[in-house]
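Here the structure is laid out as structure tokens; the discussion comes afterwards.
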Amino acid sequence: MSATDMPAVPTPSQLSHVDDDELARLASSWRALAGRGDREAFGIAHALEVEQRRRTRVSQLQQLPEDPGPPPRPWWKFWQPAGERNPTSAS
């Protein structure tokens with residue numbers, strides 16, 4: 001698939017069949033054409049880059065841990081360990 005094979009802005013369903021490396025190559029080649037003043041290439045490059053970002057976002061979300069760590073302590077209790085309470089407090 002070359003830059004001349006895609007005459008119109010590709011749809012997400014058309015881009016779903018393109019692997020990540022090919023998508024990156026196409027995006028950079030269309031961005032280069034757009035940089036030389038081709039108005040149609042700008043839209044195609046944008047669509048390809050949007051798909052790249054969407055795929056990156058999905059893969060990064062899959063790497064996030066399931067549960068967050070313990071909640072941070074309030075800044076004014078920096079001198080107390082996390083589980084210790086003030087014995088003089090009313091509660």
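The values are calculated or read from the model by the stated rules, or taken from the named source; none is laboratory data. Owing to the predicted nature of the structure, the values given are computational and were not obtained by experimental measurement. Reconstructed Cβ throughout: ideal geometry from the backbone, glycine too, with neighbour counts over all protein chains shown.
Listed conditions (1) modelled with pLDDT of 75 or more; (2) under 21 Å from the mean Cα position of the chain (by Cα); (3) among the aliphatic types (A, V, I, L, M) are all met by residue 61, apart from (1). One residue alone among 53, 31, 39 is surrounded by 15 or more Cβ atoms within 10 Å (Cβ to Cβ) and at pLDDT 80 or above, and that residue is 31. Restricting attention to the range 20-53 and to residues that are in contact with a helix residue (DSSP H, G or I) (Cβ under 8 Å, 6 or more places away or on another chain) and of a type in the set (D, E, K, R), the residue that is farthest from residue 9 (Cα to Cα) turns out to be 20. Pairs meeting the criteria (first residue in the range 27-43 and on the phi < 0 side of the Ramachandran plot, second residue β-branched (Val, Ile, Thr), beta carbons under 6 Å, at least 6 apart or on different chains) are 30/44; 43/9. When residues in the range 55-75 are screened for being within 22 Å of residue 16 (Cα to Cα) and without any contact (Cβ under 8 Å) to a residue 24 or more places away in the chain, 8 of them pass. Exactly one residue among 5, 21 is loosely packed, with under 10 Cβ neighbours inside 10 Å and at pLDDT 90 or above, and that residue is 21.
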